[in-house]
2 protein chains.
Amino acid sequence: MTKQKATNVTWHDGEVSRQDRFAILKQRGATIWFTGLSGSGKSTIAVELERALYKIGKLSYRLDGDNVRLGINKNLGFSEEDRKENIRRIGEVAKLFGDAGVISLSSFISPYMADRNEVRQLHEQAGLEFIEVHVDCSLAVAEKRDPKGLYKKARAGEIKNFTGIDDPYEAPANPEIHLHTDKMTIDEEVQIILDHLTENGFIIKQEYLSADDTQLAP
Amino acid sequence: MTKQKATNVTWHDGEVSRQDRFAILKQRGATIWFTGLSGSGKSTIAVELERALYKIGKLSYRLDGDNVRLGINKNLGFSEEDRKENIRRIGEVAKLFGDAGVISLSSFISPYMADRNEVRQLHEQAGLEFIEVHVDCSLAVAEKRDPKGLYKKARAGEIKNFTGIDDPYEAPANPEIHLHTDKMTIDEEVQIILDHLTENGFIIKQEYLSADDTQLAP
């Protein structure tokens, strides 16, 4: 008898649906949208969350400056219009990933509330989840870290319209997740997001509770 | 003892890589790029291929006018510049999907060789596979089908710059797959693509050979 390999697949007529893709992946697609000052730790948390999800066999994908600004948005500059379009396109890409079943992790300062809310609306209209994560870090701490030396340049006037210096950061009024990074370790931050994903049915709790670094080490 | 759920995952230090994502999905990401006249059957084949891949538990995602023209490319019109930018953005999105591990299926006329080759280059530079599929259908047959009534409008002069009528279709010189749709059934066409994916290691042969409609029916 022919062996059925894909045990999580139920055949039906018609086109493959979003739910079918979620079934293949054993997860629900979603957009996790990190927002916060430069140097607040958005990318660091995204990398650690990606590792944590990978350890339990969940597919996530990071959208960040490296693969977006140099790719789909390479024809955009830093004018107000272009910054708005930058966030819009990232939101549309995230929406496609969510529809495909992937948990995308977007790490962009995305300082303007209106732009983020537009991305939220795009998701809601498509019946997809937008999980806004405020990576809340004081300007003093972010500026002290200054991992790319950008605050120094902004203070020296070499960079204009730098968020937190001469351009505003509009904090989310009601984010799904608010990380007070001055009071939390990165492990705690990742756990909060994992708990949110579990409580909202994107991943299954048992899976990450059973994951264990030692066990998974080669 | 803690049970390891994700048996295909091998833990290591560092960031999650493309190969790690491919391991989670048990497939390699790739871009299948259908090109051909309006009415040639690109979308129909993409839908059937998506069904065939789903039946063996493989994750694919279709990029087409419905989710692209109304989304990330909604601010583009039909000028030469915008049509070029339309294809470029789709190519960049497909590249991200391939990097994530997804097999994306793009169905756009994409009539210009230079635009398609630019997308191919984007993929090659990123170490990703671009599988160009020429959905080869004579203009006479495509025009006779005219599923959206577009040829009729183009002949009447109501649509300008319509591919095949008053705008050229530049056929691929050396596509990975050339489907002579006048001599093939859709099942044969899908099988040719599945064989290509198998022979090039994107999916594993045994899995689709063991898939069986009857068996998978609920």
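Copy-to-copy label distances for A:Asp82, where each label lies 7 Å from Cα along Cα-to-Cβ, are 2.1 nm in order of increasing length. Counting only Cβ charges, +1 for Lys and Arg and -1 for Asp and Glu, the dipole size of region B:15-153 around its Cα centre is about 480 debye. Taking a Cβ cut-off of under 14 Å around A:Asp99, the surrounding Lys, Arg, Asp and Glu residues balance to a net charge of -3, with basic ones at +1 and acidic ones at -1.
Chain B residue nearest the rotation axis toward A, with distance: B:Val93, 3 (Cβ to axis, whole Å). Only protein heavy atoms count here, probed at 1.4 Å, and on that basis chains A and B bury about 5300 Å² of accessible area in total. With all protein chains kept in place, the per residue accessible area of region B:65-159 amounts to 44 square angstrom at a probe of 1.4 angstrom. Here A:Leu70 yields copy-to-copy label distances, from shortest upward, of 3.5 nm, the label point defined as 7 Å from Cα along Cα to C-beta.
With a 1.4 Å probe and all protein chains in place, put A:Thr35, A:Thr198 in order of accessible area, largest first.
Most to least solvent-accessible, the answer reads A:Thr198, A:Thr35.
At 4 °C and a viscosity of 1.567 mPa s, what translational diffusion coefficient does Stokes-Einstein give for the protein assembly as shown, taking Rh as the Kirkwood radius over Cα pairs? Give it in µm²/s as a whole number. D, rounded to a whole number, is 56 µm²/s.
The loop-placed chymotrypsin sites (Phe, Trp or Tyr not before Pro) in region A:37-105, going by DSSP, that have at most 15 neighbouring Cβ atoms within 10 Å of their Cβ come out as A:Phe78. Amide H to amide H distances under 5 Å link B:Phe162 with B:Asp167, where only residues 5 or more positions off or on other chains count and H is placed in the peptide plane.
List, in the order given, every pair from B:Lys58/B:Lys95; A:Lys74/A:Lys152; A:Lys58/B:Lys84; A:Lys95/B:Lys153; A:Lys26/B:Lys95; A:Lys58/A:Lys152 whose Cα-Cα distance in the structure shown is over 29 Å. Show your work: numbers first, answer last.
Values: B:Lys58/B:Lys95 18 Å; A:Lys74/A:Lys152 25 Å; A:Lys58/B:Lys84 35 Å; A:Lys95/B:Lys153 33 Å; A:Lys26/B:Lys95 24 Å; A:Lys58/A:Lys152 39 Å.
Pairs exceeding 29 Å: A:Lys58/B:Lys84; A:Lys95/B:Lys153; A:Lys58/A:Lys152.
Rounded to the nearest 20, the Cβ-based charge dipole of the protein assembly as shown about its Cα centre (Lys and Arg +1, Asp and Glu -1) stands at 220 debye. For chain B, the longest principal axis of the C-alpha atoms and the axis of helix B:80-100 are separated by about 10°.
Summary of the geometry: region B:54-113 and region B:159-188, compared by the centres of their Cα atoms, lie 17 Å apart. Here B:Asp146 yields copy-to-copy label distances, from shortest upward, of 6.8 nm, the label point defined as 7 Å from Cα along Cα to C-beta.
Farthest towards the positive end of the charge dipole of chain B, among the residues B:Ile204, B:Asn161, B:Val16, is the Cα of B:Val16, using unit charges on the Cβ of Lys, Arg, Asp and Glu.
Assuming a viscosity of 1.567 mPa s and a temperature of 4 °C, what translational diffusion coefficient in µm² per second does Stokes-Einstein assign to region B:50-127, Rh being the Kirkwood radius over Cα pairs?
Estimated via Stokes-Einstein, D reaches 98 µm²/s.
The values are calculated or read from the model by the stated rules, or taken from the named source; none is laboratory data. The structure presented is a predicted model; accordingly, all values stated were derived computationally and were not measured. Here Cβ is always computed from backbone atoms with ideal geometry, including for glycine, and neighbour counts include all displayed protein chains. Please note that ligands, DNA and RNA were not included when accessible areas were found on the heavy atoms of the full protein model with its side chains. Shrake-Rupley method; radii C 1.70, N 1.55, O 1.52, S 1.80 Å.
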